[in-house]
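Notes to accompany the following structure.
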Amino acid sequence: MIRLANVYKKYTEDNTALENISLKVDQGEFLYLVGPSGAGKSTLIKLLTCEERLTRGFLKIGNVDLLKLPDQHVPELRRQLGVVPQDIFLLDHLTVYKNLAYTLQAIEVERKKIKEKVLAALEKVGMLQFKNAYPNQLSIGQQQKIVIARAIVNDPKIILADEPTGNMDNKSAIEIMKILYKLNQSGTTILMATHNSTIVNTLRYRVLEINHGRIIRDQAEGSYGLAT
Ligand code: ADP
Ligand code: ADP
């Protein structure tokens, strides 16, 4: 599903954000990306969404070779990915419903389908009753659920989430994880960058640890930050 071989990302000549990353993620896997701030987690996610381009190496999602993918085909790729960016970004002047519908209108899904898909996505994250609310009427945890709903509105096979439980209380973080857990159970591949060791150590999945742009550990049902 996702394959990287000897991937490098240099933002500038003297800054190598990722160095020689090789990695395979199968369909249906749940992978935590862990490591200190500045390790390269976000960069790895951005390479997958083509928000940043790899400097060298091999990177494929499904059959798409991201090194060769022309810019004009990037939106097509993104449509197949559910992206939960690090910062919650919702349109404040639009209702929850319209924030989600907007995404689909942009890709010209027909009206009836839009309604179906939006309501189904809100249902999956348990936010259907907030469809007419405006983002600023919601807590951070609730807003993040809407961001996740928006990410899954087009039924992506892969979800890429950058610190999806950042800046929220524990209870909300657990609710977010329950949503991601359920999505993974139904077959969605999930890559999640996180600092939250409690989550990583409680809901055990594969752990990829990055430090200074290099993979230093790749472990099935791994832990994070526990003395071993
Ligand atoms: P993490 O997500 O693990 O905190 P990042 O991927 O954000 O790490 O950053 C990895 C390295 O790349 C850091 O040294 C960071 O300063 C650098 N970096 C990230 N984005 C940029 C950018 N747009 N321009 C230059 N350097 C960047
Ligand atoms: P526009 O301002 O773009 O014309 P509308 O308000 O007419 O948008 O809504 C577009 C479609 O979305 C309509 O079919 C409408 O029934 C549906 N819709 C809008 N808001 C909701 C909602 N909160 N719940 C369910 N369907 C909605």
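Can you find even one residue in segment 105-116 that is within 13 Å of ligand 2 (Cβ to nearest atom) and open to solvent by less than 50 Å² (accessible area, probe 1.4 Å)?
The answer is yes, given that some residue of segment 105-116 is within 13 Å of ligand 2 (Cβ to nearest atom) and open to solvent by less than 50 Å² (accessible area, probe 1.4 Å).
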Neighbours by Cβ (under 9 Å, 6+ apart or cross-chain): first from segment 23-45, within 16 Å of ligand 2 (Cβ to nearest atom); second open to solvent by 40 Å² or more (accessible area, probe 1.4 Å) and not acidic (Asp, Glu): none
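Within segment 203-215, restricting attention to residues that are open to solvent by 40 Å² or more (accessible area, probe 1.4 Å) and either touching a residue at least 24 places away in the same chain (Cβ under 8 Å) or aromatic (Phe, Trp, Tyr) (or both), which residue is farthest from ligand 1 (Cβ to nearest atom)? Talk me through it step by step, then tell me what you get.
Pass one, segment 203-215, residues open to solvent by 40 Å² or more (accessible area, probe 1.4 Å): 203-204, 211-212, 214-215.
Among the residues that remain, those that are also either touching a residue at least 24 places away in the same chain (Cβ under 8 Å) or aromatic (Phe, Trp, Tyr) (or both) are: 203, 211-212, 214-215.
On the way: LEU203: 20, ASN211: 9, HIS212: 8, ARG214: 11, ILE215: 12 Å.
Only one residue fits best here, namely LEU203.
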Residue count, segment 29-60 (criterion: more than 9 Å from ligand 1 (Cβ to nearest atom) and either over 30 Å from THR202 (Cα atoms) or not assigned by the TED database to the domain that holds LEU203 (or both)): 10
Residue, modelled with the lowest pLDDT, within segment 1-28, restricted to residues that are open to solvent by less than 70 Å² (accessible area, probe 1.4 Å) and assigned to a loop (DSSP other than H, G, I, E, B): MET1
Filtered residue count, segment 185-199, keeping only those that are within 16 Å of ligand 1 (Cβ to nearest atom) and open to solvent by less than 10 Å² (accessible area, probe 1.4 Å): 4
Any helices (runs of 4 or more DSSP H) falling wholly within segment 85-189 and containing at least 3 residues that are in the same structural domain as GLU29 (by the TED database): 170-185
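The values are calculated or read from the model by the stated rules, or taken from the named source; none is laboratory data. This structure is a prediction, so every number in the text was calculated from the model and none was measured. Because the Cβ atoms are built from the backbone with ideal geometry, glycine has one as well, and the counts that use them run over all protein chains shown. In case anyone asks, the SASA skips ligands and DNA or RNA and just uses the protein heavy atoms, side chains included. Shrake-Rupley method; radii C 1.70, N 1.55, O 1.52, S 1.80 Å.
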